[in-house]
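Beneath this line is the structure, given in structure tokens, with notes to follow.
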Amino acid sequence: MSGVLLLFLLFALASSNFQSRVIKAIERPPNHFTQGLFFDSPNTLVESTGLYSESRIQRIKASNGRPVLTHKLMDTDFGEGCTMIGQKIYQLTWMEKKCFVYDKKFKLLETKQLMPQIREGWGATTDGTYLYVSEGSAVIYVIDPKKWKIVNKIAVHDGNGTEQNDINAMQYVNGYIFANVYMTDYIVKINANTGLIIKRYSLEGLHNKYDLPEGSRSGHVLNGIAYSCLLYTSDAADDMQCVDLGGRRIIKKKKKKK
């Protein structure tokens, strides 16, 4: 890429007039059904992908999406959300309700089972201490990763007390959880202490911009949120989109050759 790299963003979400803007689209293989996503360095992302026989966890370059390191799951496991706490990477699976714990090179350290009250493994994020897990309902479970027990449950709701179901991929940022609402074009900003939805963001423009054919929308949904900037990826789509949420951009300029 020549010129200016407009990939990394900082949050400045105080504006009431929210407008999204695609900064960069990174080509992705269509069988990489993105489920989880986070930055593990300024230049690399860890991506968890789904689909039976296709699921994997991999480190990719943030600039072009090319894999640096890949670990494929068993054909019987459907990969879901992922996050990192300390030096350990956690990856959930869907109906199998497993949590794989890896080191940074994706060496499997242990396999844990999600608690009985968690119906399925969906999204995962962390505040640096606890593991937050969604199940596709209005409940986010807070897990102590050392004792492996649920220490809190967050009921996601709006100002009228109405529960918000279908909480999917999540990213914890400064006391708030940004979450995709599955099968919609909305991202909600949730107070991590109270579960109250502070704001809703519509990203309907992404579907129009990429002109998705009729009948495919069920597979082309917002999924995977990473912070440093926010990255939203369309499941089973060919592009990974970086969306500017009105934040200040960190611009990395190419050095001129002497």
| task | Out of THR49, THR34, report the one residue that is at pLDDT below 90, under 15 Å from the mean Cα position of the chain (by Cα) and either within 14 Å of MET84 (Cβ to Cβ) or among the β-branched types (Val, Ile, Thr) (or both). | result | THR34
| query | From the set of residues in region 78-93 that are assigned to a loop (DSSP other than H, G, I, E, B) and touching a residue at least 12 places away in the same chain (Cβ under 8 Å), which is surrounded by the most Cβ atoms within 10 Å (Cβ to Cβ)? | reply | PHE78
| Selection status of ILE60, at pLDDT below 95, open to solvent by 30 Å² or more (accessible area, probe 1.4 Å) and not small (Gly, Ala, Ser) | no
| said: Conditions first: (1) in contact with a Lys or Arg (Cβ under 6 Å, 6 or more places away or on another chain); (2) buried (at least 19 other Cβ atoms within 10 Å of the Cβ). LYS199 passes all but one, so which condition is the exception? | reply: (2)
| message | Quick check on my filter: what residues within region 182-196 are surrounded by 19 or more Cβ atoms within 10 Å (Cβ to Cβ) and in a strand (DSSP E or B)? | response | ILE187, VAL188, ILE190
| Boolean, ASP244 is farther than 20 Å from GLY79 by Cβ, surrounded by fewer than 20 Cβ atoms within 10 Å (Cβ to Cβ) and modelled with pLDDT under 55 | yes
| note | In region 123-181, anything assigned to a strand (DSSP E or B), buried (at least 16 other Cβ atoms within 10 Å of the Cβ), in contact (Cβ under 8 Å) with a residue 40 or more places away in the chain and among the hydrophobic types (A, V, I, L, M, F, W, C) is listed as ALA124, LEU131, VAL133, ILE140, ILE154, ILE167, ALA169, MET170, VAL173, ILE177, PHE178, ALA179
| said: Restricting to region 48-63, give me the number of residues that are without any contact (Cβ under 8 Å) to a residue 40 or more places away in the chain, out of contact with any Phe, Trp or Tyr (no Cβ under 9 Å at 6 or more places or on another chain) and part of a loop (DSSP other than H, G, I, E, B). | reply: 1
| query | Out of (1) of a type outside the set (Ser, Thr, Tyr); (2) part of a strand (DSSP E or B); (3) closer than 24 Å to PHE39 by Cα, what's the single condition that is false for PHE106? | reply | (2)
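The values are calculated or read from the model by the stated rules, or taken from the named source; none is laboratory data. Not measured: the values here are computed from a predicted model. Backbone-built Cβ (ideal geometry, glycine too); neighbour counts: all protein chains shown. Surface areas here come from the heavy atoms of the whole protein model, side chains and all, with no ligands, DNA or RNA. Shrake-Rupley method; radii C 1.70, N 1.55, O 1.52, S 1.80 Å.
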